[in-house]
């Protein structure tokens, strides 16, 4: 089997295994953990498309998350639309915001820390806008009325949400797989590695990066829509605050940027870690964030390729030490 | 005479007070293997950047295959059939040799599979077959130069602009590389190269342009330009030609 075929088989196996969990257990703790880990994986996968494959480090992915969340809520509350239709609009809308921000920043060749700062600034601008305009409910936020039914994308138990977010994660895995095995993905990685070299051999960096931010933004918007469906509430701080931006990029970096499984692994490891520290050090509020930070520092220092790149990092260390001896 | 593949007319660009390229005109005939030489800082690489679209000229025009492409973006020029390489090699370091070359092959091949197999063929042409699955960052300098060449070649160019593909190579590696470049030219690709290694220029080029301080000071066959006093002085300093002539006369007299 080709490497691409093996990866596809891995994706189907993963989805089948996770889909089995709600059948095997009714434990709210387990189902909640699986749902939240998958949700974090989805955000990290979204960030990974632009940051990991495209090398454009966004510090403001909450911009797309919040836009998706607000569209999901507003389309239902003020537009009276069906939740599934709202989801479609949320994805399209956040992808559109991605296109706008991408067109503005990539047109002027912003990269590296400049791009990171611009995305951060955009997220803040949207947060302040959401605080000041009436249709977002301003500081009070928006509350989605509880009507549990499939048509409303609201489920009586966590099981429905697990399947919903699993479907998003599976779509993101397939999208990432496509990036690894398509011309667009090859161009995106070429631009990440060396923009001038890519231009010289016929790659249009503007178009490629724009495509990546649209895909990334759309996926992040699906994450925002999911959040609203689960918690039935959104306010400017949740939607556009830096927390979500950081969560998305940390999981992707810890797991391994520019890899298929990195974001999923990173989200899982961080969630296990967060739950463990919360249980062990429950009496010390905030300690889980300290441990979060420490893990991030250690991974960046010793595992630049993340958890998914563990094998490759070990191999190169082995080669290096062997080279010294030989 | 047939229309030249690349024709530049009166090309100039300044960076602040520095006139990097001044009023340069030259015609590259289709199917030729030509060279651009000149001392360090003469503006050779800047001229390449102007031709390929990485820089926009202050004045002058660039015509490729009869079309005015002055100031066109590099990726559009690559699609038209003009591809450049870089003096300081620019590999996609995290990717394998095969993946690097495939990016070039994708210009004409949408399918990943066909681009990857095309990469193998191109690698064979430049002698990189054994290294196909190595990460580009593991290659030696000579290997990276070959990779730079292969990636450009994979775009199936009509005109290849080679910026010092031999710089930094040892004599053995240069000797191995010269037939590769000749092979490319013989396969029908027009080649214009910037080169410092005179052995290669003498060996390969049919026509040579000499650039010094941003201006074209001489052109002709390799033998003609190396005999040109202006060229000798550009490389070795003002008055050198006269001193060399005097020394040669004195040597003949004794």
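Bear in mind these aren't lab numbers, they're just calculated from the coordinates by the rules spelled out. Since the model is a prediction, treat every value here as computed from it, not as a measurement. We place every Cβ from the backbone using ideal geometry, glycine too, and count neighbours over all the protein chains shown.
Points worth noting:
- Residues of the stretch A:184-211 that turn out to be out of contact with any helix residue (DSSP H, G or I) (no Cβ under 6 Å at 6 or more places or on another chain) and more than 7 Å from every other protein chain (Cβ to nearest Cβ), as a count: 4
- Candidate set from the stretch B:47-85 (those that are within 19 Å of residue B:190 (Cβ to Cβ) and assigned to a loop (DSSP other than H, G, I, E, B)); member that is farthest from the other protein chains (Cβ to nearest Cβ): B:66
- Yes/no for residue A:117 being surrounded by 12 or more Cβ atoms within 10 Å (Cβ to Cβ), out of contact with any helix residue (DSSP H, G or I) (no Cβ under 7 Å at 6 or more places or on another chain), in a helix (DSSP H, G or I) and touching a residue at least 24 places away in the same chain (Cβ under 8 Å): yes
- Flag if residue A:224 is surrounded by 24 or more Cβ atoms within 10 Å (Cβ to Cβ), touching a residue at least 12 places away in the same chain (Cβ under 8 Å), more than 14 Å from chain B (Cβ to nearest Cβ) and assigned to a helix (DSSP H, G or I): yes
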